[in-house]
Structure formats: C-alpha cells, structure tokens
Amino acid sequence: MVVLARTSAPVPRALIVGAGAAGLALAWWLDVFGRATGKPTSLTIVDAHGGAPPRKLWSFWGEVPGPARHTVDRTWHRMAFVDPSGARRTSALARRPYHTVRSEVYVAHLRAQLARSPHVDFVDGRALAIEDRGGEEGASVRLEDGRTLVGRYAFQSVFRASPRGVSTEPAPLQQHFGGWEVETARPQREADAVTLMDFSGSSDPGVIAFRYVLPFSPHRRLVEHTELSGRPRDRAHYDRHIEGYLDRHIEGPWRVVRREYGVIPMDPRPVVPQAGANVFHLGAAGGMTKPSTGYTFVRSLEQARRLAGSWYATGRPQPGTGSPWRFRAYDRIFLRVLQAHPERGPEFFSRLFRHPRFDDVLDFLDESSDPFAELRVLRRLPVAPFLRALTGLVGSRLVPAPLSPRPSVPPALSAGRSR
C-alpha cells in the first residue's frame, strides 16, 4: 500500500522515519525552503510514538538553531567546573551560552508548525525496514502494520548505521548516565551556572565519573551521574551516586520529579551517511554524535539544514563531509588516551578547563576554533600520553573510509538522552 500525500502537486517526496530532533528539524527546513522558493516538497513523517516521544533534555551551547527557536527551556551565561579536590572554577559564557531544550516542548512546537502545511502528513507506525529501490525508483518503508510507503528519498533516525573503522581501533567507550530532576524546599546556591563536570566525590577504580548539574531555578535542578567506560551499569548504581551527591550538596528536603537514564556511544569510527542512493541516516543514527563529548543535538540540526539546503540548491540531498579531518584526529587520540589511562581522566579534563575562558574550550569542542586557538587549548594537556596515542595511530586512517553503496542497517539504537 502506498500512502499518498495530501497535495496533488508533482513535487519530489520525502519519507522521514523518526519524528525526533533530527527528523522534525529536516521536515522544518524542507518546509522553510519550500515556502521560500515556492516549490514545496511533500513530506510523510513516520512517528512510532504518536506525537508523545520519551521525555529527554537536549543541551548545547552557542547560537540556537532555527528549528529550536521558541523551544529553549533555560539558558545559562555562566559555567562551572569542579576538579577532584573540590575546587570550583566558574567562567562567564560571553559567546557560547549554554541552553537546554525539553524534547516534549520541541516536538509539540514543530509538529504544530508542520501540521499547518498542506504538504506534510504524519503517519503513526513503527518502521521495520527501509529499502533503497535504486536509481530513480526512490525508497520504501515497510511498517509493522503491513503498510508500505514509497517516496523519492527516505531519511531515517531510528536504525543506527554501522560504523566503519580499522582493525587497530580500540573498542569504543560509552557515556552512560542516570539523572534525577529534583525540587527543593529551600532555595539553593549557585543557581545561575551550569556545572558541566563535577569530579568531586568517590568513583570506582578505572572509571571516569562526574556529576552534571543543570539548575533550572533556585528550587529545581537536574543532577546526573555520568561515567565514561566500556559498559553501562544498572540504574541502582546511578541512583546511589545521585542520592549521595544530593545529600552532600542540597540544603533542606528535596523530592524527585523526573528520572532519566541513557547510553551514548563515544565511537570515533566514521559512519556511512547513506544506505544506497536514496536512503540517508539522520542524527545519532547517522553518526552526528561528537565522539569525545557525546553532544548530538546541534550537529543533527545542522545536518538537517545541510541536507535540505543542498536538495533545493542542486536537486539532490548531500550529507556533506562531516567533521574536518583534524577534529576527527583529536577525537580518536583523546578517546584512545582515556581508554589507556582512565585513572587520569579527571586530571586531563581539569587541565583542559584551567583555561581562563571556557568560551575558548567550547569553541574547540564545537569544532569552530582555528588551529592557533586549538594549540592554546591543547598545550594544557600532558604531552607524553597523547604523543604515545598519536604514535599508535600512525599507519591507520584518520579520515573516513570510502562510502559503501549499500551498508547494512542494524537494529534500532537504544534511545537515551541525546545532548
């Protein structure tokens, strides 16, 4: 069965599988370009959650991308870092304010905007398979209820594309976490700064562990216990650490209003952005997670803008080349060092955030810095372990392997919070 769009205009058609951050951003950009050019693209958006996806927090720094405007829950202009000794450093964010978006607000806002377009359809259903039909035949999506949708291109964010690496690549780390959003009876201090990393307190040997704190108000904040290691832990593990942190740092009684848990792969291996000529991978499923930080949201929205813009400019979506080669090299080297020396992880991050301006560190992590600024950041790190990691990578590629025309699409990636 082929589902027809509401419009009868002879326009190209996009199937977007997954109505989350990346899928809705692509639909938003296609609608924007369509209205601007007077050449709308009919869209069918496949949504397995019926408009009510799992509640998450998406955080990022810098300028707010177009699709996320009017959906930001809180913005901070100060950032704190706490080293293992408990020393707290705080820096103003003059260029790179830190923002958080609640997924339910973002989804509701974009769905409401897109629902007003006569060129957009929403189809409730779970995708089982996506097929590139080859050439000009387009792509098809088979749903759990037996329906099949056919379109010119398919864009999907629910099946993770296989990474491509080299045999010498170490096993990837995972960033895994649990978080409690709590309300406090008394107003708390330090409600004006996001704490990106707090390394104070105990952690297990061989595991890099820190707390991440978003104070939404003097009476409400999110506290996450985050670890970088090879495997996630059970929820009781995160809960125990969060409760201990709250008991040490919160004045007066508190109560939990929301919990979240997740896993973010920190995999430096490149991901093929396409499955054939007519199927494209979006967001975290398409390798948009920054390997060394786990942040995905802004990179996914930028990918969506690039795909939509190239489609309207050239007649065909172009996924782009991804991160510049030197940042791919930085990520691989840094993750290799963290794997080899997890006991020194807090030291490495503490050295990085001794920079007097956190804005400059965020520029570097955001891949928007120039080589001279990068040297000023990197010189704070110890030379020996990073030089050994670089030497170990000599002979292996620091750039992605050539694209494969038909990579496999394995089962859906477990959904967690995507920063």
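Would you work out which of Ser229, His219, Pro270 lies farthest towards the positive end of the dipole of the range 183-317? Charges go on Cβ: Lys and Arg +1, Asp and Glu -1.
Pro270
Can you work out the Karplus-derived ³J(HN,Hα) for every residue in the range 136-149? Use 6.51 cos²θ - 1.76 cosθ + 1.60 with θ = phi - 60°, whole Hz, and x for glycine or proline.
8, 7, x, 9, 10, 10, 9, 9, 4, 7, x, 6, 10, 9
Ignoring ligands and nucleic acids, what accessible area does Ile333 show with a 1.4 Å probe (Å², nearest 10)?
Estimated to the nearest 10 Å², Ile333 gives 20 Å².
Please give the contour-minus-distance gain from Arg55 to Asp370: 0.36 nm per residue of separation, less the Cα-Cα distance, rounded to one decimal in nm.
Separation in residues times 0.36 nm, less the Cα-Cα distance, equals 109.8 nm.
Taking the Cα atoms of the range 108-245, report the difference between the largest and smallest coordinate on each principal axis, in whole Å and largest first.
Computed over the Cα atoms, the extents are 58, 48, 26 Å.
What whole number of Å gives the distance from the Cα centroid of the range 41-109 to the Cα centroid of the range 333-370?
Here the two parts' Cα centres lie 21 Å apart.
Filter the GluC sites (Glu not before Pro) in the range 141-248 to those in DSSP coil with at most 14 other Cβ atoms within 10 Å of their Cβ, and list the result.
Numbers: sites: Glu144, Glu181, Glu183, Glu190, Glu224, Glu227, Glu243; in loops: Glu144, Glu190.
Here the sparse-neighbourhood loop sites are Glu144.
Roughly speaking, what is the centre-to-centre gap between the range 235-250 and the range 194-223 when only Cα atoms are used, to the nearest Å?
10
Under a 1.4 Å probe, what is the accessible area of the range 186-270 per residue, stated in Å²? Don't skip to the answer; put the middle values down first.
Working: 3760 Å² over 85 residues.
Counting only protein heavy atoms, the per-residue value for the range 186-270 is 44 Å².
Taking a ≥ b ≥ c as the square roots of the eigenvalues of the Cα gyration tensor of the range 307-379, is the shape rounded (a/c under 1.5), prolate (a/b larger than b/c) or oblate?
Here the range 307-379 falls in the prolate category.
Cα atoms only, the range 243-380: Rg and Dmax in Å?
In order Rg, Dmax, the Cα atoms of the range 243-380 give 18.9, 60 Å.
Mind ranking Arg305, Arg221 by accessible surface for me, highest first, 1.4 Å probe?
Arg305, Arg221
Charges at C-beta only: +1 for Lys and Arg, -1 for Asp and Glu. How large is the resulting dipole of the chain about its Cα centre, in Debye rounded to 20?
On the way: 58 positive and 41 negative charges, 95 e Å.
Computed about the Cα centre, the dipole is about 460 debye.
Per residue, what accessible area does the range 90-157 have, given a 1.4 Å probe and all protein chains present, in Å²?
43
Provide the three semi-axes, in whole Å and in decreasing order, of the ellipsoid equivalent to the range 272-345 as defined by the square roots of 5 times the Cα gyration tensor eigenvalues. Can you show the working numbers first?
Values: eigenvalues 178, 24, 23 Å².
Value: 30, 11, 11 Å, ordered largest first.
Say R0 is 25 Å: what FRET efficiency, to the nearest 0.05, do Arg235 and Arg102 get from their beta-carbon distance?
Step by step, r from the Cβ atoms, then E = 0.70.
Hey, could you get me the Stokes-Einstein D for the chain, Kirkwood radius over alpha-carbon pairs, 10 °C and 1.306 mPa s, rounded to whole µm² s⁻¹?
D = 71 µm²/s.
Around Gly138, which amide H atoms from residues at least 5 apart in sequence, or from another chain, sit under 5 Å from its own amide H, with H modelled in the peptide plane?
HN-HN under 5 Å from Gly138: Arg133.
Calculate the dipole size of the range 211-363 relative to its Cα centre from +1 charges on Lys and Arg beta carbons and -1 charges on Asp and Glu beta carbons; express the result in debye to the nearest 20.
For this selection, approximately 260 debye.
Do any trypsin sites (Lys or Arg not before Pro) in the range 340-383 lie in a loop, going by DSSP, with at most 13 other beta-carbon atoms within 10 Å of their beta carbon, and if so which? Write down the numbers at each step before the final one.
Numbers: sites: Arg344, Arg351, Arg354, Arg357, Arg376, Arg379, Arg380; in loops: Arg354, Arg357, Arg379, Arg380.
Passing both the DSSP loop test and the Cβ count: Arg354, Arg379.
Could you state how much accessible area Phe372 has, in square angstrom rounded to the nearest 10, with a 1.4 Å probe and all protein chains kept in place?
Phe372 has an accessible surface of roughly 150 Å² with all protein chains in place.
Can you pull the one-decimal nm distance between simple spin-label points at Thr391 and Thr37, each 7 Å off the Cα toward Cβ?
With each label point 7 Å from Cα toward Cβ, the separation is 5.3 nm.
Which whole-Hz ³J(HN,Hα) couplings does the range 31-41 yield from phi under the Karplus relation 6.51 cos²θ - 1.76 cosθ + 1.60, θ = phi - 60°, glycine and proline marked x?
Values, residue by residue: 5, 4, 5, x, 5, 5, 9, x, 10, x, 9 Hz.
The values are calculated or read from the model by the stated rules, or taken from the named source; none is laboratory data. The structure presented is a predicted model; accordingly, all values stated were derived computationally and were not measured. Don't worry about glycine lacking a Cβ; one is built from the backbone with ideal geometry, like all the others, and counts go over all protein chains shown. The accessibility values were calculated without ligands, DNA or RNA, using every heavy atom of the protein model including side chains. Shrake-Rupley method; radii C 1.70, N 1.55, O 1.52, S 1.80 Å.
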